[in-house]
1. Can you list residues from other chains, or at least 5 along the same chain, whose modelled amide H is less than 5 Å from the amide H of GLY31?
2. What number comes out for the charge environment of ASP55, summing +1 per Lys or Arg and -1 per Asp or Glu over other residues with Cβ under 13 Å away?
3. Residue-wise, which Karplus ³J(HN,Hα) couplings in Hz belong to region 76-90, taking 6.51 cos²θ - 1.76 cosθ + 1.60, θ = phi - 60°, and x for glycine or proline?
4. Mark the label point 7 Å from the Cα of ASN68 along Cα→Cβ and return the residues of region 24-60 whose backbone N is within less than 11 Å of it.
5. Sort 89-97, 158-166 for me by packing, meaning the mean count of neighbouring Cβ atoms within 10 Å per residue, highest on top.
6. May I ask you to compute the full-extension gain from ASN149 to ASP28, defined as 0.36 nm times their residue separation minus their alpha-carbon distance, rounded to one decimal in nm?
7. Straight-line reach from LYS35: which lysines fall under 17 Å, measuring Cα to Cα and dropping same-chain residues less than 8 apart?
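Nothing in this text is a laboratory measurement; each read-out follows from the coordinates by a stated rule. If you're wondering where the values come from, they're calculated on a predicted model, not measured in any experiment. Reconstructed Cβ throughout: ideal geometry from the backbone, glycine too, with neighbour counts over all protein chains shown.
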Amino acid sequence: MNKYKLVKEGDLFRIIALRDFGNIQKGDRGGLIEKESNLSHNDNCWVYDNARVYDDALVYGNARVYDNARVYDDALVYGNARVCGNARICGNAEVYGDAEVCGDAEVYGDAEVCGDANIQETLDYLVIGPIGSRKAFTTFFRIRNNTINISCGCWQGTIEEFEKRVKETHGKNKYGKQYLETIKLIKKIII
């Protein structure tokens, strides 16, 4: 049984709940989607407020997209993930698990944000990846007070420590080159 109907609003459709589920009551107005394939009728996923999901993006599971967030291109938001504020999820990006992406954060390309990740401070994060030898992990560069910290897999430290570790671990192999080029780019953009 469908859980929402579509009501035309500009170029998109406003979703209206047809039944009670999760914290949604029959008749509640949701956010905007381009087509039914953007939001699953299963589980408790929902698009709230003025959030928009369009192109071939999909929200499913128990995921929630709200405020003025945008999910588009081929992006996926699922599991118990939350996307809020003015966040943008696009490209082939995936946000899932118990991850939260909020504020003015942008996740794009082939990036994955998962587990208990929480990305929410304005302009504090740049998500790049997956890169290097740990293709299952996205590399996060956190910028605050002109200090760049990196979280890559289970390792965390400053950009200088990361550069040293990359040289020790990978030398000049393809992963080392990939990481070092990314570090060079980050330093050029930020510093």
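1. Amide H neighbours of GLY31: ILE15, VAL47, TYR48, ASP49.
2. -1
3. 10, 10, 7, x, 10, 5, 10, 10, 8, x, 9, 4, 10, 10, 8
4. 50-51
5. 89-97, 158-166
6. 39.3 nm
7. LYS3, LYS5, LYS8
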